[in-house]
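Everything below concerns the one structure shown next.
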Amino acid sequence: MAAVAENPVRQHFYEGMFLVDSGKFATDSEGVIGEIMSVLAKAGATVVAHRPWQDGKLAYEINGMKKGLHYIVCFTMRGAGMKTLIRQCQLNETIIRQMIIAHSQQIFDATVAVISGTATAPESDAAVTEKSARGRTDRDEEVDLDDEE
């Protein structure tokens with residue numbers, strides 16, 4: 001009898017944006033975060049990073065709400081858990097809307113770095129800005145064309 005090689009379950013990389021009532025988040029932020037994490041846990045997700053993203057006026061009224069808070073979560077999960085996650089979000093009274101995006105590992109890692117605050121600004125952008133600022137003052141001289149006669 002030959003040994004059967006185990007097929008590891010593939011984990012996908014996701015970014016989830018959850019819209020919640022900003023008033024409820026302001027009064028009980030730990031409770032709201034707990035509900036979002038509970039929904040993700042029921043779907044079998046492993047949360048890597050999370051934080052509040054944007055709080056403000058909504059583009060249009062949703063269920064009588066004019067303001068909302070977007071809570072961003074990066075997580076890994078099997079693809080089969082997506083149906084459970086969507087259903088759990090629909091059943092949850094705290095989560096008004098959700099949007100889940102699948103990422104490649106490179107984009108996921110970059111997003112996690114930004115959310116957790118460990119990302120650094122690319123040096124090339126700073127160097128280009130510095131060079132262009134120096135270039136204007138070093139090379140370009142103001143010439144008043146009216147003075148030349």
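The values are calculated or read from the model by the stated rules, or taken from the named source; none is laboratory data. The structure presented is a predicted model; accordingly, all values stated were derived computationally and were not measured. Neighbour counts run over all protein chains shown; Cβ positions are idealised from the backbone, glycine included.
Things to note:
- Residues that are surrounded by fewer than 13 Cβ atoms within 10 Å (Cβ to Cβ), under 16 Å from Ile96 (Cβ atoms) and of a type outside the set (Gly, Ala, Ser), drawn from the range 28-54: Gln54
- Scope the range 82-110; condition over 12 Å from Tyr14 (Cα atoms), among the aliphatic types (A, V, I, L, M) and outside any helix (DSSP H, G or I); matching residues: Ile95, Ile96
- Long-range neighbours under 6 Å by Cβ, at least six apart or interchain, first residue farther than 23 Å from Thr76 by Cα within the range 20-41, second acidic (Asp, Glu): Ser22/Asp55
- Among the residues of the range 73-114, the ones that are among the hydrophobic types (A, V, I, L, M, F, W, C) and modelled with pLDDT under 90 come to 1 in all.
- Restricting the range 29-78 to residues that are among the polar types (S, T, N, Q) and closer than 24 Å to Ala110 by Cβ leaves a set whose member that is farthest from the chain's Cα centre (by Cα) is Thr46.
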